[in-house]
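Taking it in order: structure first as structure tokens, then the write-up.
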Amino acid sequence: MRAAVLHGSGDEFKLEEVSDPEPGPGEVLIRVAAAGVCHSDIHMRLGEFDGLPPYFPWVMGHENAGYVAGLGPGACGFEVGDPVAVYGGWGCGLCRLCLSGDEQLCDRSLWAGIGRPGGYAEYVCVPSTRHLVAIGELDPMLAAPLTDAGLTPYRAVKRILPYLLPGATALVIGAGGLGQFAIQYIKLLTAARVVVLDISEPKLERAVALGADLVLDSSLPEVAKEIQSFTGNSGVAVVLDHVGSNKTLEVAASSVGPCGIIVQVGLAGGGLWFSHANLPVEALATYSWWGNRLELEEVVALARQEAIEVSVEHYPLDAINDVFRNLESGNVMGRAVLLPHPS
Ligand SMILES: [Zn+2]
Ligand SMILES: [Zn+2]
């Protein structure tokens, strides 16, 4: 089969013929219809992802959807041809975290495209049918980004729902692939107001279309002051930071109110100085890590009911290096999706 393979940190991907994956006992083979390109893949390509070893020759791609193409011995619950989204957080299945459902938190995880070959290829082998979510009539091109760009903010928003009482304000930092979903979930599940920060004018326009109550250019020096004044100087109840740089976390700390919560979702590598002098009284800071398989099922249900909009740009797999360049320079509006079998 054809796959986009990375041979060294900072290299370009090479389109190559590699051997066809064979599903082993309990495993399932998926014909990849669409694979979303995630910002974390940029960091992995450059060797900048903290704590992660390289997996050369590396086939990335952890946002996959397609069709069941083969079942290994003993694999059951799905039939060849079934349209599915692939849950990518493949845990050991046996530890306390896995058994509680949060396989993405398992410290023995080998994920799609991170430890095991991913979906930047014509086929991907999935360790178990328990990682599949049926998508029915939903276009796999829309389903693929749900598995991370849609799932990660969904888990983050679900965790902070108790803070988002009517009249409260949520600050969403970053209106790219993940932030656009976060705005929609907050508007769909709460009566809170949403303030959105980004440096891109088109992304801020998109945020307004998705229901943002106030959008601000995050490069303005007085941005935290403007947020405070929007909340009558009581601060926001929740910050969802989809960037995670020193600068954005500083804005988060200056914007959150007493007893509020900052959730870091983005992996730009920034840090937050945690001290009573730096945060309002009893404010919390935490981070949110991907989502679990049941949460993916909920996100897929929202998309199938057309309760959320999924914005994608699609490209053939051969365009992978151009797509990475576009994403790195901030020129992708929603989610870029690669199609290994363009018709
Ligand atoms: Zn990702
Ligand atoms: Zn585990």
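A few notes on this one:
- Any hit, segment 121-138, residues being open to solvent by less than 10 Å² (accessible area, probe 1.4 Å), among the polar types (S, T, N, Q) and away from ligand 2 (no atom under 16 Å from the Cβ): no
- Filtered residue count, segment 177-193, keeping only those that are open to solvent by less than 20 Å² (accessible area, probe 1.4 Å) and over 17 Å from L142 (Cβ atoms): 5
- Boolean, Y55 is surrounded by fewer than 21 Cβ atoms within 10 Å (Cβ to Cβ) and in a strand (DSSP E or B): no
- Taken over segment 58-71, the criterion of being under 19 Å from the mean Cα position of the chain (by Cα) and either over 16 Å from L29 (Cα atoms) or assigned to a loop (DSSP other than H, G, I, E, B) (or both) is satisfied by V59, M60, G61, H62.
- Filtering segment 312-334 for residues that are surrounded by 22 or more Cβ atoms within 10 Å (Cβ to Cβ), at pLDDT 95 or above and not in a helix (DSSP H, G or I) leaves an empty set.
- Contact annotation: no residue pair with Cβ atoms under 7 Å, 6 or more positions apart or on different chains, pairs a residue in segment 121-148 that is outside the structural domain of V59 (by TED's automatic domain parsing) and farther than 17 Å from E309 by Cβ with a partner that is of a type in the set (V, I, T) and open to solvent by 10 Å² or more (accessible area, probe 1.4 Å).
- Among the residues of segment 194-210, those that are open to solvent by less than 30 Å² (accessible area, probe 1.4 Å) and either under 17 Å from V243 (Cα atoms) or without any contact (Cβ under 8 Å) to a residue 60 or more places away in the chain (or both) comprise V194, V195, V196, L197, D198, S200, K203, L204, A207.
- Within the option set A112, A156, being more than 30 Å from V80 (Cβ to Cβ), surrounded by 19 or more Cβ atoms within 10 Å (Cβ to Cβ) and within 15 Å of ligand 1 (Cβ to nearest atom) holds for one residue only, A156.
- Residues (of a type outside the set (D, E, K, R), more than 16 Å from ligand 1 (Cβ to nearest atom) and outside any loop (DSSP other than H, G, I, E, B)) located in segment 92-106: L97, C98, L99
- Residue in segment 257-266 that is away from ligand 1 (no atom under 16 Å from the Cβ) and open to solvent by 40 Å² or more (accessible area, probe 1.4 Å) present: yes
- Taking the criterion of being open to solvent by 60 Å² or more (accessible area, probe 1.4 Å), among the hydroxyl-bearing types (S, T, Y) and within 16 Å of ligand 2 (Cβ to nearest atom), the only residue of segment 67-106 that qualifies is S100.
- Complete set of residues in segment 132-148 that are of a type in the set (A, V, I, L, M) and either assigned to a loop (DSSP other than H, G, I, E, B) or in contact with an Asp or Glu (Cβ under 7 Å, 6 or more places away or on another chain) (or both): V133, A134, I135, L138, A144
- Top-ranked residue of segment 292-311 - restricted to ones that are among the small types (G, A, S) and closer than 11 Å to L146 by Cα, ranked as least open to solvent (accessible area, probe 1.4 Å): A303
- With respect to the conditions (1) among the acidic types (D, E); (2) farther than 20 Å from K187 by Cβ; (3) in contact with a Lys or Arg (Cβ under 8 Å, 6 or more places away or on another chain); (4) not in a strand (DSSP E or B), E295 falls short on a single one, namely (2).
- Looking only at residues of segment 193-205 that are outside any helix (DSSP H, G or I) and under 19 Å from A224 (Cβ atoms), we find that the one that is farthest from the chain's Cα centre (by Cα) is R193.
The values are calculated or read from the model by the stated rules, or taken from the named source; none is laboratory data. Just so it is clear, the model here is predicted, and its values are computed rather than measured. As a convention, Cβ positions derive from the backbone with ideal geometry for all residues, glycine included, and neighbour counts pool all protein chains shown. To get the accessible areas, we keep the full protein, side chains included, count just its heavy atoms, and leave off ligands, DNA and RNA. Shrake-Rupley method; radii C 1.70, N 1.55, O 1.52, S 1.80 Å.
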